[in-house]
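Beneath this line is the structure, given in structure tokens, with notes to follow.
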Amino acid sequence: MESNMLKVDDIHVYRGETYVLQGVSLNVGQGEIVALIGANGAGKSSMLRTISGLLRPKSGGILYRHHQHAEEIDISRIPAEQIVALGISHCPEGRGIFSQLSVKENLLIGAYLRKDKNEIRQNYQRICKIFPILDERANQTAGSLSGGEQEMLAVGRALMSRPKLLILDEPSLGLGPIIVENLFKVLQNINAQGVTILLVEQNAVMALDYANRAYVLENGRVTLSGPSNELARDQKVRDAYLGGV
Ligand SMILES: Nc1ncnc2c1ncn2[C@@H]1O[C@H](COP(=O)(O)OP(=O)(O)O)[C@@H](O)[C@H]1O
Ligand SMILES: [Mg+2]
């Protein structure tokens with residue numbers, strides 16, 4: 001296996017009184033697509049928000065190595081914008097786009113930490129190549145896009161910070177099967193261009209189809225993990241997440 005990019009080590013997280021992550025550990029290797037699956041309320045979004053610095057763990061560490069020869073740093077207690085600057089970009093649940101702003105404006109918001117205008121322009125052009133529909137609709141308001149296009153916009157915006165690690169929270173939510181298939185193909189293509197992906201999904205079929213490895217989260221704990229094809233054959237996973245087939 002390639003070197004670890006992210007090592008979440010025994011983190012414990014509370015939201016108010018609720019003990020939402022009860023000692024979770026997981027690894028993401030450089031270049032992988034890793035999926036985190038689990039039922040509603042299992043703690044998947046809390047996990048991603050903790051990695052991105054939006055929630056603080058009570059204990060445990062999150063070690064991140066932004067490239068192969070760099071030293072690992074513990075990002076579990078540093079501010080969210082510094083985590084973005086280190087190369088981790090979070091595409092949130094519900095997309096979080098600004099529906100009154102244009103598609104282009106939404107994309108440029110993703111580059112807010114970057115200064116070099118030339119680089120930003122190049123990256124914008126690269127994203128227009130990945131998502132030609134966003135290029136076509138650059139001047140329309142984001143609110144006028146379809147659900148699938150809005151998800152593409154959210155992914156495109158997350159890519160504007162030039163992440164090494166892209167974190168996605170339920171990208172398939174509310175989208176039809178053909179759109180989802182297309183979205184996952186695009187994610188695979190982004191991954192092939194060198195972006196490591198950690199993704200949360202309730203759509204376990206798609207997640208296990210596209211990810212290299214997966215973790216199952218239940219009530220704030222990892223109960224199973226392994227290569228996706230092995231999990232897809234596991235009877236407990238099939239019963240709980242693949243419709244018992
Ligand atoms: N803002 C919040 N304040 C308090 N508890 C929350 C908040 N958001 C989520 N929770 C609780 O945290 C637990 C995990 O939620 P979440 O991480 O959103 O799960 P998932 O993404 O797997 O559906 C749930 O019990 C949920 O009720
Ligand atoms: Mg969630």
**Message:** I'm trying to understand the selection: among the residues of the stretch 61-108, which are open to solvent by 20 Å² or more (accessible area, probe 1.4 Å) and β-branched (Val, Ile, Thr)?
**Reply:** ILE73, ILE78, VAL84, ILE97
**Complete:** Of the listed residues (VAL103, VAL155), the one being within 15 Å of the chain's Cα centre (by Cα), outside the structural domain of GLY43 (by TED's automatic domain parsing) and more than 16 Å from ligand 1 (Cβ to nearest atom) is VAL155
**Prompt:** Taking the condition assigned by TED's automatic domain parsing to the domain that holds HIS69 and surrounded by fewer than 20 Cβ atoms within 10 Å (Cβ to Cβ), does LEU168 pass?
**Reply:** no
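One line per residue, one yes/no per condition, for (1) within 16 Å of ligand 2 (Cβ to nearest atom); (2) closer than 25 Å to GLU218 by Cα; (3) touching a Ser or Thr at 6+ places or on another chain (Cβ under 9 Å):
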{"position": "LYS7", "(1), (2), (3)": "no, yes, yes"}
{"position": "HIS12", "(1), (2), (3)": "no, yes, yes"}
{"position": "GLY31", "(1), (2), (3)": "no, no, yes"}
{"position": "ALA35", "(1), (2), (3)": "yes, yes, yes"}
{"position": "ALA39", "(1), (2), (3)": "yes, yes, no"}
{"position": "ILE73", "(1), (2), (3)": "no, no, no"}
**Asked** For GLY94, which of the numbered conditions (1) closer than 22 Å to LEU173 by Cβ; (2) assigned by TED's automatic domain parsing to the domain that holds GLY194 fails to hold?
**Response** (2)
**Fill in**
All-but-one check, ILE178 against (1) more than 21 Å from ILE51 (Cα to Cα); (2) part of a helix (DSSP H, G or I); (3) outside the structural domain of MET5 (by TED's automatic domain parsing), failing number (3)
**Item:** Output for the stretch 181-210, where each listed residue is in contact with a strand residue (DSSP E or B) (Cβ under 9 Å, 6 or more places away or on another chain), open to solvent by 70 Å² or more (accessible area, probe 1.4 Å) and part of a loop (DSSP other than H, G, I, E, B)
**Value:** GLN202
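Across the stretch 44-60, what is the number of residues that are more than 21 Å from SER89 (Cβ to Cβ) and buried (at least 18 other Cβ atoms within 10 Å of the Cβ)? Working first, answer last.
Going residue by residue through the stretch 44-60, those that are more than 21 Å from SER89 (Cβ to Cβ) are 58-60.
Add one more test, that the residue is buried (at least 18 other Cβ atoms within 10 Å of the Cβ), and what stays is 60.
Number of matching residues: 1.
The values are calculated or read from the model by the stated rules, or taken from the named source; none is laboratory data. This is a predicted model, so every value here is computed, not measured. In this analysis, Cβ positions are derived from the backbone assuming ideal geometry, glycine residues included, and neighbour counts consider all displayed protein chains. The area values use the complete protein model at the heavy-atom level, side chains included, leaving out ligands, DNA and RNA. Shrake-Rupley method; radii C 1.70, N 1.55, O 1.52, S 1.80 Å.
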